[in-house]
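Asks: Encoded as structure tokens, here's the structure I'll be asking about.
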Amino acid sequence: MGRTSTSALLPSLLLICFAGGAHAFDLGQELKKAMEQGTQQQAEPGRPSSSAGGGIDLGGVRGLFGFSEEEEIAIGRQAAGNLLGAAPLVKDATLQKYVNNVGRWVANQSERPDLRWHFGVIDSNDINAFAAPGGYIFVTKGLYRLLRTESELAGVLAHEIGHVVERHHLKILQQSQWLDLSGKLLSGAAGENQVIKNLIGNGAEIFARSLDKNAEYEADRMAMVLAARAGYDAFGLPAVLQDIGHAAADDSSVRLLFKTHPHPDDRLAHLGDVVGDRFDGLKGQTLEKRLYRIKP
Amino acid sequence: MRTLRKVPALLGALLLAIGTALAAQEGIALKADALKAEPFRDAKTVGSLATGDRVEILKKQGGWFQVKSARGSGWVRMLSVRRGEARKGDGDATGLLGLASGRAGTGRVVATTGIRGLSEEQLKEAKYNESEVQKAESYTTTRAEARQFAASGKLVSRKVDYLPTPESAK
């Protein structure tokens, strides 16, 4: 925890700028306020993120970095719209409502149950799933087709919910773009929409970037727990990882997934190290029969 | 009408059952672990697997696989085994060696362009689609609706603590 002071301060400049982008603001005043908030935030106990690893203390994101939930949702909405530009929703209203039901029930078990969560299946044969800030989560048709049970769907969605709860994508935005953005903001040249566009980059590129691998492992750990909290068999996500693990890395349907995530075998091994006997005796439902099957 | 509609579902279920059985045939131990007589922690230990051992997966139950191996048969924790052959793309020997160190294939993935699906290039070139976002938002389920959905599947929420990090689990 001792490393937060320097590493967290630089990105915080960006976010303070961002937060103040639509209004006139006093940098010195905002910085002081944010630092005070940050100090309080870091004393907050019991967050799973406090040990997340990576360059920046995630527990400080809300306070020190000062993104409001509204701003986070605006960023996520833009990113979601860009992704849907590359692959639209599968035209099946029953399917879309079903994934929202499963996803929202799992999200209810998280630390952000009041976010307006959105889930969708997008029309791509790739095997992948995406989370954008603010609760926009998408699974490809290719991945959905691999699923055998509702608990597997719950596990996949829970991994993405974990990223949103821990604000992992905001973190990489801060790392990659803060300098460029703060410059533009200070010059007063950009409105808030432009700021969001600059922050996200071209198209849906944000989804082609890798998160810190510790963020992926953390989302996996959270996924098993969130699924278990929701009453599902906790082993839904590992079962899906088992399936995609034996696809070759040069198979085009998993290329992006393999490029942006640790190999499924490494993810399974990581889970094996921490799960041990923790889920023994915690029986959950798989709901194999309730899984909605996509029309061929 | 009713029977007709059931046919694809039945066929689907049948195909699925076959698919599961085939996919579940082979596996490799990701790490050393005990073989148990039953899928419980307290069950009698009947053998052990070493990293890289080939197994035949017979059944899955919760977090356990029932397996058959040269070292004997029994139940092993699912997270200690992975389905399928050695990683494709690795030579067989290097695949197994790599598995032993847990590093096979990692960092060797090279992105290329011109591939179908959601490639990096396609993502970069994607143009914002407002009407699809609105459509996605129209399917949103409220917190209360989700509770109803859960109840209809007899899903009961329960308190489960987050898992420790590997460092603190040791």
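The values are calculated or read from the model by the stated rules, or taken from the named source; none is laboratory data. Here the structure is a predicted model, which is why all the values come from computation and not from measurement. With ideal geometry, Cβ positions are generated from the backbone for all residues, glycine too; neighbour counts draw on all protein chains shown.
Asks: Which condition breaks for B:Gly72 when tested against (1) at positive phi; (2) surrounded by fewer than 15 Cβ atoms within 10 Å (Cβ to Cβ); (3) at pLDDT 95 or above?
Replies: So the condition that B:Gly72 fails would be (3).
Asks: Just checking, how many residues over segment A:55-109 are modelled with pLDDT of 90 or more and assigned to a loop (DSSP other than H, G, I, E, B)?
Replies: 7
Asks: Quick test of your reading of the structure: A:Asp277 fulfils all but one of (1) more than 7 Å from every other protein chain (Cβ to nearest Cβ); (2) surrounded by fewer than 17 Cβ atoms within 10 Å (Cβ to Cβ). Name the failing condition by number.
Replies: Exception for A:Asp277: condition (1).
Asks: Next up: Is it the case, given these coordinates, that A:Val139 is part of a strand (DSSP E or B) and either closer than 21 Å to A:Ala219 by Cα or at pLDDT below 95 (or both)?
Replies: yes
Asks: Just to be sure before I move on: is A:Leu268 free of Cβ contacts under 8 Å to residues at least 40 places away in the same chain, of a type outside the set (Ser, Thr, Tyr) and more than 7 Å from chain B (Cβ to nearest Cβ) in the structure I sent?
Replies: no
Asks: Given the conditions (1) modelled with pLDDT under 85; (2) within 7 Å of chain B (Cβ to nearest Cβ); (3) within 25 Å of A:Gly76 (Cβ to Cβ), which single one is not true for A:Ser210?
Replies: Single failed check for A:Ser210: (2).
Asks: Let me ask something else about it. Quick test for you: out of A:Arg221, A:Arg290, A:Arg229, pick the one residue that is facing chain B (nearest Cβ under 7 Å), out of contact with any Pro (no Cβ under 7 Å at 6 or more places or on another chain) and surrounded by fewer than 19 Cβ atoms within 10 Å (Cβ to Cβ).
Replies: Going through A:Arg221, A:Arg290, A:Arg229 in turn, the sole match is A:Arg290.
Asks: Among A:Ala239, A:Ala234, A:Ala269, which is the only one that is within 22 Å of A:Leu95 (Cα to Cα) and of a type in the set (A, V, I, L, M)?
Replies: Selected residue: A:Ala239, the only one of A:Ala239, A:Ala234, A:Ala269 that is within 22 Å of A:Leu95 (Cα to Cα) and of a type in the set (A, V, I, L, M).
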